[in-house]
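Got a structure for you, written out below as structure tokens; questions coming shortly.
The values are calculated or read from the model by the stated rules, or taken from the named source; none is laboratory data. Computed from a predicted model, the values in this text were never measured in an experiment. Cβ placement follows ideal geometry from the backbone for every residue including glycine, while neighbour counts extend to all protein chains displayed. Just so you know, the surface numbers come from the protein's heavy atoms only, side chains and all, with ligands and any DNA or RNA stripped out. Shrake-Rupley method; radii C 1.70, N 1.55, O 1.52, S 1.80 Å.
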Amino acid sequence: MQTTMKDTYAYYKTAFAGLPMPFAFVDLDRLDRNIAAIAQAAGHKKVRIASKSIRCPEIMRRILASSPVYQGIMCYTADEAAMLIREGFDDLLLGYPQWQPDRIAELVRSVGEGRSITFMVDCAEHVQHLERIAAEQGIVVPLCLDVDMSADYPGLHFGVWRSPLASWEQVRPVAELIIASPWLKLDGIMGYEAQIAGLGDQVPGKPLKNSVIRWLKKRSIAEVAKRRREVVEGLEAIGASEELRFVNAGGTGSMDSSRLEACVTEITAGSGFYSPGLFDAYSGFRYEPAAGYAVEIVRRPRPDIVTCMGGGYTASGAVGIEKQAQVYLPEGLELLPLEGAGEVQTPLRVKRGLSLSLGDPVFFRHAKAGELCERFLQLVAVSNGQVVGEYVTYRGMGACFV
Ligand SMILES: Cc1ncc(COP(=O)(O)O)c(C=O)c1O
């Protein structure tokens, strides 16, 4: 049983003793608790796994095998989908529109062979492009409509810029194009409320900003539910809902609100499984840090500073301090603002009383979930104090999609 941070450091240090650093790891005991907690948080909805936040087939298999709540994958590129098909996964939803005709055609052929692959669209051009490819192949292709869930307030776009379809009036003509085509089928609708699911509202040292975000989120939750309901009702009214297989919502950070929407059939979740640094900053839930990486202390430039080999894996998105990797274990180490976590060297200030030797590991957590796997060939799996496996990451498979 891991109790204090000190215990956890000793636990990982012993379990991973002798492994060459750097390495990335996944704590299977914590991961399993997160998997169970996320299944619970989904209420009566299914959960589709966001592969971008996992990037390791073995982990996705583990999640899918854990409970019937988990169903299908939201993947991010056509090449990734093709790889997942080869790996034996099915029920793939491409979370983002794809354009490259040869890649799409390859997947369409897989649809023809009985695989369940759904393509994301948000405009007539997407629909016509896919229709051309579907017709060329003579195969009926399932599509999902991405409905924008952001909110426009005076002076503030609360959410992300993705789909131009933000109302039933805007969705309708695109839905009608799909329904009218003999080569297309409206399989699902998706709305990703990033301003709720992907935005922390308990960021340390930002009390005012946090309370504004919490207020905006509350307001936005009601608007999102209304917009999604109107789109589903609109589709029902034009007879397009009969074929609809799913209504997908949210992400890890919106499970509490997404599960309350009657029309939603499934919620996407990915980040919560590893629970990286940015996911400590939500007021409504907390999962356990289940993944990280170890770097080795190789020098001591001053008695109160140790320097590690490597360590600088910064997360994508708007640049800010929160995208920096977090020094996790042992407690009492601090990144230096002028250097941060470096490309080859990472100096850390050591709290008085903490004794560390050359060769000791320092464990970090990435700010985001799946990006960790772009830096390492495998995740060393630990359970019950033992290394129990090495799970190859996308990078380890030689795969690099975006
Ligand atoms: C379309 C879409 N759905 C869902 C998610 C949620 O994923 P996660 O649970 O990893 O935050 C994302 C994340 O960016 C996304 O882009």
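Residue by residue through region 189-226, note down the ones that are open to solvent by 20 Å² or more (accessible area, probe 1.4 Å) and closer than 18 Å to residue 263 by Cα.
192, 221, 222, 223, 225, 226
Follow-up question, since we're still on this one. Can you work out which of the residues in region 365-402 that are of a type in the set (A, V, I, L, M) and under 16 Å from residue 51 (Cα atoms) is most open to solvent (accessible area, probe 1.4 Å)?
If we take residues in region 365-402 being of a type in the set (A, V, I, L, M) and under 16 Å from residue 51 (Cα atoms), then 402 is most open to solvent (accessible area, probe 1.4 Å).
Going by the structure shown, is residue 330 closer than 30 Å to residue 383 by Cβ and open to solvent by less than 20 Å² (accessible area, probe 1.4 Å)?
Details: closer than 30 Å to residue 383 by Cβ: yes; open to solvent by less than 20 Å² (accessible area, probe 1.4 Å): yes.
For residue 330, the condition - closer than 30 Å to residue 383 by Cβ and open to solvent by less than 20 Å² (accessible area, probe 1.4 Å) - is met.
Give all pairs with beta carbons closer than 8 Å in which a residue from region 61-77 that is away from the ligand (no atom under 16 Å from the Cβ) meets a residue that is at pLDDT 95 or above and among the β-branched types (Val, Ile, Thr); count only pairs at least 6 apart in sequence or on separate chains.
62/35; 66/35; 67/35
Can you name the residue in region 96-110 that is buried (at least 20 other Cβ atoms within 10 Å of the Cβ) and among the hydrophobic types (A, V, I, L, M, F, W, C) and, of all such residues, is farthest from the ligand (Cβ to nearest atom)?
Ranking the candidates gives 108 first.
Let me ask something additional. Considering only region 135-152, state which residues are under 27 Å from the mean Cα position of the chain (by Cα) and in contact (Cβ under 8 Å) with a residue 40 or more places away in the chain.
Of all residues in region 135-152, those under 27 Å from the mean Cα position of the chain (by Cα) come to 141-152.
Hits for region 135-152 are 141, 142, 143, 144, 145, 146, 147, 148, 149, 150, 151.
Only one of these is buried (at least 21 other Cβ atoms within 10 Å of the Cβ) and under 30 Å from residue 364 (Cα atoms): 269, 249. Name it. It would help to see each step written out before you state the result.
Values: 249 fails: under 30 Å from residue 364 (Cα atoms).
Step by step, each of 269, 249 is checked, and only 269 is buried (at least 21 other Cβ atoms within 10 Å of the Cβ) and under 30 Å from residue 364 (Cα atoms).
Can you work out which of the residues in region 245-279 that are within 13 Å of the ligand (Cβ to nearest atom) and part of a loop (DSSP other than H, G, I, E, B) is farthest from the chain's Cα centre (by Cα)?
Only one residue fits best here, namely 264.
Picking from 298, 362, which residue would you name as being of a type in the set (A, V, I, L, M) and open to solvent by 30 Å² or more (accessible area, probe 1.4 Å)? Working first, answer last.
Details: 362 fails: open to solvent by 30 Å² or more (accessible area, probe 1.4 Å).
Step by step, each of 298, 362 is checked, and only 298 is of a type in the set (A, V, I, L, M) and open to solvent by 30 Å² or more (accessible area, probe 1.4 Å).
I would also like to ask the following. Just give me the residues in region 111-125 being away from the ligand (no atom under 15 Å from the Cβ), touching a residue at least 12 places away in the same chain (Cβ under 8 Å) and under 22 Å from residue 231 (Cβ atoms), in sequence order.
Once the filter is applied, which keeps residues that are away from the ligand (no atom under 15 Å from the Cβ), touching a residue at least 12 places away in the same chain (Cβ under 8 Å) and under 22 Å from residue 231 (Cβ atoms), region 111-125 yields 123, 124.
In addition: Quick one: which of 282, 293 is touching a strand residue (DSSP E or B) at 6+ places or on another chain (Cβ under 7 Å) and either farther than 10 Å from residue 34 by Cβ or assigned to a helix (DSSP H, G or I) (or both)? Lay out the reasoning, then the answer.
Values: 282 fails: touching a strand residue (DSSP E or B) at 6+ places or on another chain (Cβ under 7 Å).
Within the list 282, 293, the selection yields 293.
Separate question: Just for region 301-317: of the residues that are hydroxyl-bearing (Ser, Thr, Tyr) and without any contact (Cβ under 8 Å) to a residue 60 or more places away in the chain, which one is surrounded by the most Cβ atoms within 10 Å (Cβ to Cβ)?
So in region 301-317, the residues hydroxyl-bearing (Ser, Thr, Tyr) come out as 307, 313-314, 316.
Narrowing further to those that are without any contact (Cβ under 8 Å) to a residue 60 or more places away in the chain: 307, 314, 316.
On the way: 307: 20, 314: 15, 316: 11.
Within region 301-317, the match that is surrounded by the most Cβ atoms within 10 Å (Cβ to Cβ) is 307.
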